[in-house]
Amino acid sequence: MDRFEYIDARLFDGENYVKRDKNVKIYDGDDKTQFVDGEVVLTSHRILWGKPGDIPKGNVCLSLHLYYVFCIEEESGGVFGLGGPKRIILHLGPSLPGKRPGPAVVSLYHYIKLSFKDGVDAAFYKALSDAVANKAWERPTQLTSLTINSPNASPRSVTPVSSKMRSGIVGIERSIEEQHRATDASISVAFQDLTKLMEKAKEMVSISKNISSKIREKQGDISEDDTVRFKSYLMSLGIDDPVTRDAFRSDSEYYMGLALQISDMMVAVLMDCGGIMSLADVWCRVNRARGLELVSPEDLLNACKLLETVDAPMSLRKFPSGACVLQLNSQQDEEVARSTTELLEQHGRLTPVKLSQLANVSVLLARERLFTTERLGLACRDESIEGLAFFPNLFLTTT
């Protein structure tokens, strides 16, 4: 849909009316749009779509230039395709610069569908095929609207997409290959921009190192609080010398270095959030601090498995439910159960959601805390149509 433009329903110089049809719906790829039950007009240069009566009155309508179209297909309707063709699929080239505003800025698809309520008219399909094949827009005619007098309107060069008429499975395969090539080209351009950004980030790292060395040289002029504050700013920016794979000779050394970095960074974080955090939240915190040097979930998991070997004050724990968390070694189950029992006695009844609000932890961790308290015999569980709830174990206090 990002190839469509909003424009008054008027013919350009050298543009001719070809065919008209009604009760037409537009699909953006396979997704439905708000453009339903409209009237479509085919010209030698474009496809115009508007509500019934808008195009004859010259009102604003949707316009699609035919030079975007490089492949046309019919899609059958009904069970097993026995109901006759109901839709026309138009495979489109990339949007060209200088395009007028339209209904969408960007689209996930490289094709649209025109759905005809009464079935595809064979004459309309043939006229559309002929218009695409004739390429009337390549003739030396200035494509300037007869009625648009905006000072911003100016002739613009048109680079039409190479149009080919294809049908059958071979045509579909070729069109898919062309779409893949266009996607690969877009990805390559995106990675070029990312490479430049990474180079700038490395420059920022070197600058931060120089500033840090100057701070160390001038300890007398700069207070300790200023140094700590500056380093916290660097960590917030995510440029505090992250551990990278290319700095090590093997994966085991990389995981060991990453484990040491996680240990140093997550101690204060775990203490602030109660001594335990889900591995998903740890992954988000680590990547936020690392800036552009992101780590994958698999690398984080492998590094956390080595925390015990580097004498870290925390370790990876996996609950019976399968949930993985990072937990301080001082945070024992007995301590967790004791604090949870106190909250149970204060409120009389707790659900995982209620405990997450009271303890400021995620619902997943709150649920595991309640199950841990139950396993130690300090809580009783009740599962009903109202959900899961936990109560104090009165059998321990009632005689």
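Summary of computed values
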read-out	value
Meets criteria (more than 22 Å from residue 12 (Cα to Cα), part of a loop (DSSP other than H, G, I, E, B), modelled with pLDDT under 85 and open to solvent by 20 Å² or more (accessible area, probe 1.4 Å)) for residue 83	yes
Scope segment 338-354; condition touching a Leu at 6+ places or on another chain (Cβ under 7 Å) and either open to solvent by 10 Å² or more (accessible area, probe 1.4 Å) or at pLDDT below 85 (or both); matching residues	341, 343, 351, 352
Where a residue in segment 362-391 is aromatic (Phe, Trp, Tyr) and its partner, wherever it lies, is open to solvent by 60 Å² or more (accessible area, probe 1.4 Å) and part of a strand (DSSP E or B), with Cβ under 7 Å and at least six apart	390/381; 391/382
Residue list for segment 244-273, restricted to those being more than 30 Å from residue 360 (Cα to Cα), more than 29 Å from the chain's Cα centre (by Cα) and among the charged types (D, E, K, R)	249, 251, 253
Index of the failed condition, residue 98 passing every other in (1) touching a Leu at 6+ places or on another chain (Cβ under 9 Å); (2) open to solvent by 30 Å² or more (accessible area, probe 1.4 Å); (3) part of a loop (DSSP other than H, G, I, E, B)	(1)
Counted residues, segment 41-65 - those being over 13 Å from residue 18 (Cα atoms) and in contact (Cβ under 8 Å) with a residue 60 or more places away in the chain	3
Filtered residues of segment 104-152 (kept if assigned to a helix (DSSP H, G or I), of a type in the set (D, E, K, R) and modelled with pLDDT of 85 or more)	126, 130
Residue under evaluation residue 36, criteria (1) touching a residue at least 12 places away in the same chain (Cβ under 8 Å); (2) open to solvent by less than 60 Å² (accessible area, probe 1.4 Å), criterion not met	(1)
Segment 292-312 - residue that is under 15 Å from residue 280 (Cβ atoms) and free of Cβ contacts under 8 Å to residues at least 24 places away in the same chain and, of those, surrounded by the fewest Cβ atoms within 10 Å (Cβ to Cβ)	298
Matching residues in segment 322-336 - criterion: being at pLDDT below 85 and farther than 17 Å from residue 301 by Cβ	329, 330, 331, 332, 333, 334, 335, 336
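The values are calculated or read from the model by the stated rules, or taken from the named source; none is laboratory data. Everything numeric here is computed off the predicted structure, so don't read it as measured data. Virtual Cβ from ideal backbone geometry, glycine too; neighbours counted across all protein chains shown. Each accessible area value is taken on the protein alone, full model and side chains, heavy atoms only, with ligands, DNA and RNA left out. Shrake-Rupley method; radii C 1.70, N 1.55, O 1.52, S 1.80 Å.
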